[in-house]
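The values are calculated or read from the model by the stated rules, or taken from the named source; none is laboratory data. Bear in mind the structure is a predicted one, so any value in this text is a computation, not a measurement. Here the Cβ positions follow ideal geometry from the backbone for every residue, glycine too, while neighbour counts run over all protein chains shown.
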Amino acid sequence: MSLGAALLGALIIGLAGLYGARASARLGAVLGAFEIAVFVVFAVLLIGKPGGHNTLSVFGAGHVGTGQRALDGVVAGSVA
């Protein structure tokens with residue numbers, strides 16, 4: 001993200017705050033809904049792209065490396 005885009009975003013949020021709490025909350029709700037929509041579209045694309053190659057095996061412990069417990073990978077992934 002460029003410095004200009006960050007400054008523009010800060011200016012827009014600042015102006016919404018100047019117009020009052022209601023305008024700021026409305027802008028926050030609109031931007032939040034847009035963010036959720038973007039993540040839903042990405043999720044659908046990433047799940048749908050592999051087609052028939054998707055399986056539920058990735059949600060199990062079958063891909064855990066030898067000598068590792070399943071929970072160790074979850075902890076390592078959440079820290080990294």
Exercise. Look at region 56-80 and say how many of its residues are exposed (fewer than 10 other Cβ atoms within 10 Å of the Cβ) and either β-branched (Val, Ile, Thr) or in contact (Cβ under 8 Å) with a residue 12 or more places away in the chain (or both).
Key: 3
Practice problem: Look through region 42-55, keep the residues that are loosely packed, with under 10 Cβ neighbours inside 10 Å and among the small types (Gly, Ala, Ser), and return whichever of them is nearest to Gly77 (Cα to Cα). | Solution: Gly48
Practice problem: Can you run down the residue pairs with Cβ atoms below 7 Å, 6 or more apart or on separate chains, where the first is in region 15-39 and surrounded by 11 or more Cβ atoms within 10 Å (Cβ to Cβ) and the partner is hydroxyl-bearing (Ser, Thr, Tyr)? | Solution: Ala16/Ser24; Gly17/Ser24
Quiz item: Can you pull out the helices (runs of 4 or more DSSP H) entirely within the chain that have at least 2 residues that are at pLDDT 90 or above and either within 23 Å of the chain's Cα centre (by Cα) or not basic (Lys, Arg) (or both)?
Solution: 3-18, 21-48
